[in-house]
Structures are given as C-alpha cells and as structure tokens.
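The values are calculated or read from the model by the stated rules, or taken from the named source; none is laboratory data. Treat the numbers as computed from the prediction; the structure is a model and nothing was measured. Here the Cβ positions follow ideal geometry from the backbone for every residue, glycine too, while neighbour counts run over all protein chains shown. Heads up: the accessible areas ignore ligands, DNA and RNA and are worked out on the full protein's heavy atoms, side chains in. Shrake-Rupley method; radii C 1.70, N 1.55, O 1.52, S 1.80 Å.
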Amino acid sequence: MLNGNLVANGNANMKRISASDLEQLNGEMNLKELTRLVGVDFPKLKKIDSIKWESLPNLQTIGFTASVEQAKKVDIQNTAVRSLSGINIQQAQTVKIANNQYINEISMQLGNVSTALDFSDNNKAVKVDLPNLIWAANLTFRFCGSVSLPSLAKLNGSLGLINNGFESFSAPNLTEVGEALAIVGNEQLNNLTFPLLEKITDNLQIANNSKLGEVKGFPKLESIGGAFDVSGNMSS
C-alpha cells in the first residue's frame with residue numbers, strides 16, 4: 001500500500017514505471033509529459049484514488065494485470081493506448097478519456113458516475129460499451145464509432161451525442177433526463193430510439209444529423225422543461 005501520490009512529470013528519459021507488489025494506492029497516479037514512456041506495470045494494483053495521465057505518446061498498453069476495480073477519478077488524455085484493458089472500475093465520480101487517437105475499444109463494468117463521464121476526440125472508430133451503467137450525472141460522447149448503454153435508466157444531468165459516426169443509437173431503458181439531451185452533428189445517424197423516455201427537465205436538441213429523416217423514437221415522451229430544438233433534413 002502507498003499512502004500518497006505517485007507523480008512523474010516531464011521526464012523525457014523515463015521509459016518504464018512499475019511496482020510489482022503494489023495492490024493499493026491511496027492517492028493519485030499522475031503521469032504527465034513522459035514522451036518515451038512505454039510501460040506502466042502494476043500487476044497487482046486493484047484500488048487507487050485517482051488516475052491522471054496526460055501526454056504519454058508512446059504508451060500503448062496498460063499493465064494493470066489484476067485489473068483496477070476501484071477509482072474515484074480516471075483522466076487519460078493524449079496517449080497511444082489501444083484499449084482500457086486493466087481498468088474495470090465499478091463506480092466513479094469522473095471519467096474522462098480524450099484525444100487518444102489509437103484507442104479501439106472502451107469497455108468496463110461501470111455502474112454509476114456521480115459527476116461526469118466524457119469520451120471525446122479519440123479514435124473515430126472507437127467502440128464504447130458500458131453494459132452495467134444504470135445511472136449517471138452527465139454523459140458526453142463525441143467522435144465515437146459506437147456507443148452501447150443498454151442498462152442506463154436515469155440521468156441526473158445531461159446527455160450529449162455529438163459528431164459521432166454511428167448509424168444507430170438506442171437508450172432502451174432510459175426513463176428520465178435531469179437536464180438536457182443534445183444529439184448534434186452525427187452525420188451517419190439514421191435510427192434513434194428512446195422507447196421508455198418520459199421526461200426531459202431542460203432542453204431537447206436534435207440538429208444537423210444529416211441522415212436522420214424522421215424522429216419517431218420518443219413514443220412515451222410527455223414533458224420537455226426547456227427549449228425544443230429540432231432541425232435538419234427531417235420530414236416529421
């Protein structure tokens with residue numbers, strides 16, 4: 001166990017960082033601007049307070065063999081990682097995965113997010129699969145190839161689907177959006193379904209989805225508390 005932060009910033013010569021027996025880190029793992037780093041090896045690590053990685057252009061794999069199952073915050077930006085294999089947390093305050101151009105898949109058992117989850121500007125073909133996510137505060141998906149949220153039932157905040165590449169999106173169990181729902185600039189989107197959604201507390205915006213000819217996927221929607229903005233090449 002390590003009580004405190006593990007920090008490595010701005011060391012251009014560091015190629016690997018490891019701790020073969022560390023199981024718990026009661027602090028932040030902060031790795032930043034390590035331009036030659038190719039290995040992060042913590043084979044027994046399961047619990048950590050926070051992961052914050054930025055500007056690790058040669059880091060392709062995550063050496064968390066035992067899988068990190070507990071972390072309050074995960075922030076991974078500007079790396080070369082191919083997947084998040086080894087990070088399989090069950091709940092979190094914030095998760096931000098952004099500007100990782102080689103990542104092919106984001107999949108974890110995450111059940112709830114109390115503040116915000118943001119997957120933005122990664123590989124445009126990235127497949128996002130969150131099968132156990134039941135509730136969250138705010139969700140943002142930008143430039144994703146596919147997004148699967150089969151269990152999502154309630155949002156306390158907003159959902160943003162922006163500039164994604166998928167043809168279809170469904171939130172089959174979502175009943176309520178606590179703030180806004182924005183579906184904007186998804187050029188391939190032609191099928192949109194929210195079969196159980198009854199209430200949106202703030203705005204509903206569906207705009208500039210050039211292949212979405214009809215909006216029929218809200219059969220139970222009864223209440224929109226803010227603006228209702230639907231624009232684009234739609235007939236109904």
Check your understanding: Does GLN60 satisfy the condition of being open to solvent by 10 Å² or more (accessible area, probe 1.4 Å), more than 18 Å from LEU25 (Cβ to Cβ) and free of Cβ contacts under 8 Å to residues at least 40 places away in the same chain?
Key -> no
Point to revise | Complete set of residues in segment 75-85 that are within 22 Å of GLU23 (Cα to Cα), of a type outside the set (A, V, I, L, M, F, W, C) and at pLDDT 95 or above | key: ASP75
Review point. Which residues, taken from segment 41-50, are in contact (Cβ under 8 Å) with a residue 24 or more places away in the chain and either assigned to a loop (DSSP other than H, G, I, E, B) or open to solvent by less than 70 Å² (accessible area, probe 1.4 Å) (or both)?
Key: ASP41, PHE42, LYS44, LEU45, LYS46, ILE48, ASP49, SER50
Review point. Hey, any hits in segment 121-134 for a residue that's among the β-branched types (Val, Ile, Thr), farther than 26 Å from GLY178 by Cα and assigned to a loop (DSSP other than H, G, I, E, B)?
Key: yes
**Study point:** Residue list for segment 1-40, filter: of a type in the set (A, V, I, L, M, F, W, C), out of contact with any strand residue (DSSP E or B) (no Cβ under 7 Å at 6 or more places or on another chain) and either surrounded by 14 or more Cβ atoms within 10 Å (Cβ to Cβ) or in a strand (DSSP E or B) (or both)
**Key:** ALA19
Practice item. Have a look at PHE141, PHE166 and point out the one that is open to solvent by less than 40 Å² (accessible area, probe 1.4 Å), hydrophobic (A, V, I, L, M, F, W, C), under 17 Å from PHE194 (Cα atoms) and assigned to a strand (DSSP E or B). Key: PHE141
Revision key, fill the gap. SER168 passes all but one of the listed conditions (1) more than 18 Å from LEU110 (Cα to Cα); (2) in contact with a Pro (Cβ under 8 Å, 6 or more places away or on another chain); the exception is number (2)
**Study point:** GLU179 farther than 24 Å from VAL95 by Cα, open to solvent by 70 Å² or more (accessible area, probe 1.4 Å) and in a loop (DSSP other than H, G, I, E, B)
**Key:** no
Check your understanding: Any residue in segment 51-60 that is closer than 30 Å to GLY145 by Cα, outside any strand (DSSP E or B) and among the β-branched types (Val, Ile, Thr)?
Key -> no
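Does segment 189-236 hold any residues that are of a type in the set (Ser, Thr, Tyr), closer than 27 Å to SER151 by Cβ and assigned to a loop (DSSP other than H, G, I, E, B), and which are they?
Selection gives THR201 alone.
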Review point. Do the conditions hold for GLY213, that is, is it surrounded by fewer than 16 Cβ atoms within 10 Å (Cβ to Cβ) and more than 27 Å from GLN93 (Cα to Cα)?
Key: yes
